[in-house]
1. Where does the chain land at 222 nm, in deg cm²/dmol rounded to the nearest 500, when only DSSP H runs of n ≥ 4 count, each adding -39500 (n - 2.57), divided by all residues?
2. Could you check the spin-label model distance between K92 and R388? Points 7 Å from the Cα along Cα→Cβ, value in nm.
3. How long is the gain from E161 to E34 if the chain were fully straight, where each residue apart is worth 0.36 nm and the alpha carbon distance is subtracted?
4. Please list the equivalent ellipsoid semi-axes of the chain, computed as the square roots of five times the alpha-carbon gyration tensor eigenvalues, in descending order and whole angstrom.
5. Provide the percentage of antiparallel DSSP beta bridges, counting only those with both residues in the chain; round to the nearest 5.
6. For I204, project a label point 7 Å along Cα to C-beta. Then give me every residue of the stretch 238-262 with its amide nitrogen under 17 Å of that point.
7. Over the Cα atoms of the stretch 207-250, how large are the radius of gyration and the largest Cα-Cα distance (Dmax), in Å?
8. Label points 7 Å out from Cα along the Cβ direction at T351 and I277: separation in nm?
Amino acid sequence: MGTRATAALLALALCLGAATVHAQSTGGFAQFVESVWPDAQAAGVSRVTFDRAFKGVTPDMALPDLVLPGKQPSQVKGQAEFVRPPQDYLNKAQLAQLATNGKAFLAKHLPWLERIEQEIGVERHVVMGIWGRETAYGTHKLPHYAIRVLATQAWLGRRKEMFRKELIAGLKMLEDKHITVETMRSSWAGALGLPQFMPSEYDIHAYDLDRDGKKDIWNSVPDALASAAKQLKSKGWILGLPWGFEVTLPAKVDCALEGPGDARSLGEWAKLGVTQIGGKPFPEKLRDQPAYLMSPGGTHGPMFLATENFKVIRAYNTSDLYAVFVGHLGDRIAGGGDFATPWRGIGQLPTAEIEETQQRLKERGFAIGIIDGKIGSNTRKQIGLFQRASGMAVDCWPGAPTLARLRASVATR
Ligand code: CA
């Protein structure tokens with residue numbers, strides 16, 4: 001058999017193979033859906049609702065975060081909060097634009113936001129910050145049917161268990177007639193409506209501020225904003241407490257003091273010589289409030305003391321950058337300006353090298369939890385501690401010099 005004929009046969013075989021995989025996966029999806037039924041039924045979903053919810057629904061193989069045969073995990077799209085350096089995520093132009101638009105939206109919805117402050121106890125500006133970050137004040141379209149997304153993620157996603165629970169919660173929302181199959185729109189990750197709630201969060205936090213008997217987080221701005229506020233309040237929001245302060249550190253305090261484990265009161269921080277940027281003292285009435293050091297770009301950008309309210313925003317979406325974005329956007333809408341400290345062009349190592357940095361730190365006894373290639377608060381801190389112990393310049397940021405030092409020191413051990 002000639003090479004060309006072999007190649008043609010091979011191509012045909014591959015093609016048939018792909019077709020088989022596709023047929024299996026479509027059949028597999030129907031099986032998966034049926035496997036969800038007993039749990040849905042137990043949660044109070046009727047068969048009529050269940051069948052209507054899944055009528056004509058196919059898996060959406062174009063969604064990010066799926067684990068597919070033949071696709072390497074590195075090709076899986078990560079959350080923007082972790083794969084972009086801080087100055088890209090906290091984009092100056094985008095923040096300025098969102099702040100301008102936020103002021104206009106705030107003026108437009110002011111009576112509702114005043115009512116949210118009175119009824120729920122969350123400041124208008126942080127609510128606007130959430131709304132701006134999540135859907136650019138409702139201007140982002142939600143392109144997906146939530147049940148399709150939740151089912152696909154529960155079937156093939158990286159976080160199957162979580163999405164299976166959310167899928168059942170979503171079906172229950174249809175059963176309870178909070179929303180219809182036609183209007184249940186979500187993001188690629190199944191987040192619903194203007195405040196981007198997961199279905200399980202809807203049940204707990206959705207709020208009928210306009211008193212029409214419906215908790216409509218898709219079309220009612222008052223309901224959506226109040227629901228976002230309700231979620232912050234349920235997670236411990238303290239009225240009158242800023243999310244954080246941009247700070248200046250004295251020479252004896254370095255960035256390796258980052259993290260909730262080294263939290264202390266604002267009064268204690270003041271005693272160590274930490275001040276708000278420009279030397280301004282912390283408000284006297286907040287001296288007893290706990291706060292921890294947090295520097296999303298190590299020493300290469302603004303550094304913050306983050307309060308309990310920072311943790312509350314972070315609970316909305318577990319990322320330092322997300323929480324800084326929301327808090328800072330709120331400050332800007334309230335009339336504040338840009339960060340005082342510029343981001344000084346921080347590069348980001350490839351994920352594999354960040355993982356190697358984490359791995360080598362761990363091998364040397366530094367308290368790295370998971371090796372995930374993400375530059376979270378603890379990774380920054382452990383890098384800072386290693387740099388301090390090695391007599392290097394302490395910048396709490398993974399870079400080539402730190403990795404080189406780690407490689408050399410392991411080799412000579
Ligand atoms: Ca309503």
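Readers should treat all values here as calculations from the given coordinates under stated rules, not as data from a laboratory. Keep in mind the model is a prediction, meaning the values are calculated, not measured. Cβ atoms come from the backbone with ideal geometry, glycine included; neighbour counts cover every protein chain shown.
1. Calculated at 222 nm, the ellipticity per residue is -16000 deg cm²/dmol.
2. About 3.1 nm separates the two model spin labels.
3. 44.1 nm
4. Details: eigenvalues 318, 227, 59 Å².
After scaling each eigenvalue by five and taking roots: 40, 34, 17 Å.
5. 85
6. 238, by backbone N distance to the label point.
7. When restricted to Cα atoms, the stretch 207-250 yields Rg and Dmax of 15.4, 55 Å.
8. Those two pseudo-labels are separated by 3.1 nm.
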